[in-house]
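See structure below.
Throughout, read-outs are computed from the coordinates displayed, never taken from laboratory work. Keep in mind that what you see is a predicted model, and the values were worked out from it rather than measured. Here the Cβ positions follow ideal geometry from the backbone for every residue, glycine too, while neighbour counts run over all protein chains shown.
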């Protein structure tokens with residue numbers, strides 16, 4: 001570095017150091033000075049599921065009773081909240097984790113044998129449930145609840161069902177698997 005560069009850097013440092021004695025608007029005053037700064041924050045679009053999957057909200061099909069054969073059914077309501085000026089929309093995707101064909105069927109297993117089940121869903125629990133398509137299929141344009149703790153408005157519903165014929169033919173055992181519900185902001 002040559003001496004000419006050092007002098008320029010020193011002069012620049014002195015200029016920056018003295019800038020603090022001027023008011024933000026460039027006017028020097030002995031009594032007061034005011035400046036306006038913009039305050040800005042960003043809240044992104046958010047979505048949240050509540051009431052599904054905690055200890056009290058498991059989809060328990062119960063124990064099959066061959067003396068009174070019927071479909072094994074478990075259902076639960078849950079809330080999807082979306083922030084915004086009103087109820088926003090979301091896409092939902094439901095996937096199971098059981099069996100070797102989990103990408104085409106919803107399956108639970110007993111460690112050795114798979115048992116198929118079906119899923120029905122509706123974004124509004126006051127409406128009829130609709131058969132959910134293939135696992136992992138995204139359903140867009142679902143209406144969310146606009147209240148952060150879902151105290152009012154729309155509540156979704158999900159149902160899992162093992163058909164009577166499937167239960168009749170199943171090997172003995174406790175069948176388990178996970179059902180993952182994923183919601184995405186639209």
Restricting things to Cα coordinates, could you compute the convex hull volume per residue of the stretch 47-185 in Å³? 111
At 20 °C in a medium of viscosity 1.002 mPa s, the stretch 110-186 has a Stokes-Einstein diffusion coefficient, with Rh taken as the Kirkwood radius over alpha carbon pairs, in µm² per second, of 144
Per 0.36 nm of contour for each residue apart, how much would the distance between residue 171 and residue 28 grow if the chain were fully extended, relative to their Cα-Cα spacing? 42.7 nm
Which log10 I(q)/I(0) values does the stretch 103-151 give at q = 0.12, 0.20 Å⁻¹ under the Debye formula, counting every alpha carbon as one identical point scatterer? -0.41, -0.83
Just subtract the alpha-carbon distance of residue 93 and residue 129 from 0.36 nm times their residue separation and send over the number in nm, one decimal. 11.4 nm
For residue 60 and residue 137, calculate 0.36 nm times their separation in residues minus their Cα-Cα distance, and state this gained length in nm to one decimal. 25.4 nm
Determine, for each peptide in 38-48, 62-72, 155-165, the mean count of other beta carbons within 10 angstrom over its residues, then list the peptides with the highest first. 155-165, 62-72, 38-48
